[in-house]
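The next block holds one structure in the form of structure tokens; read it before the comments.
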Amino acid sequence: MQIKALAETPPRVAQMLRTAAPEAWVRRPFPGVWAPVEVLAHLADAELVFGLRFRLVLTSERPALPRFDQGALVVRARYLDWPPELALERFRTRRAETLELLSSCSAVELERVGVHPLRGEVSVADLVALALAHDTDHVGQIRERLEFQDSARRDEGEP
């Protein structure tokens, strides 16, 4: 069930992309707070990390799972310069690859484990749940930040 729920995130973001003003995607609501496009680009790159973790656990015995510094990556990858359409396409493609891999997993494979430096032992099923929670959190951030931009525009007297 959670694997199927992962497939729902890209269309949700695509709907927001169709309805929000383009300039709202690149404005940070406050200094130091990611703009919506940065959150979306983070989702795209985090999908690479989740995909790697899934692959390691499915093909190795109790592998060490890598961490990554998302703050450093947002600067290094220059997420603010990504067109939102590109960020969505990267996320959509990477998620499709992850779903293809996960859709072929047996119940036994979903219980295979790796070792995360902070979380300890995590199974493939645990990683799916973490990916879904990650989606929920960040899609909520995108929605809130786009709504913030929209309400700020209205407060300034723009239509």
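All of the numbers you see were taken from the coordinates with simple rules; none came from a lab. Remember, it's a predicted structure, so these values are computed and weren't measured experimentally. FYI the Cβ positions are ideal-geometry reconstructions off the backbone, even for glycines, and counts take in every protein chain you see.
So the values come out like this:
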quantity: Relative contact order [Cα under 8 Å, 6+ residues apart], the stretch 2-149, whole percent; calculated: 39
quantity: For the stretch 15-79, alpha-carbon Rg over 2.2 N^0.38 Å; calculated: 1.42
quantity: Intensity falloff of the stretch 90-137 expressed as log10 I(q)/I(0), Debye formula with alpha-carbon point scatterers, at q = 0.29 Å⁻¹; calculated: -1.13
quantity: Gained length - Lys4 relative to Arg62, 0.36 nm times residue gap less alpha-carbon distance; calculated: 18.3 nm
quantity: MRE, 222 nm, helices only [DSSP H, n ≥ 4, -39500 (n - 2.57), over the chain, to nearest 500]; calculated: -21000 deg cm²/dmol
quantity: Leading residue at positive end of dipole, the stretch 2-149 (Cβ point charges), from Ala7, Leu43, Leu132; calculated: Leu43
quantity: The chain: DSSP helices with Cα axial extent of at least 20 Å and average Kyte-Doolittle hydropathy no lower than 0.0; calculated: 36-59
quantity: Scattering curve values for the stretch 10-159, log₁₀ I(q)/I(0), Debye with Cα scatterers, q = 0.19 Å⁻¹; calculated: -1.12
quantity: Thr136 versus Phe148: modelled label distance in nm, points set 7 Å from Cα along the beta carbon direction; calculated: 2.2
quantity: Summed residue charge, Cβ within 12 Å of Glu97's Cβ, Lys/Arg positive, Asp/Glu negative; calculated: +3
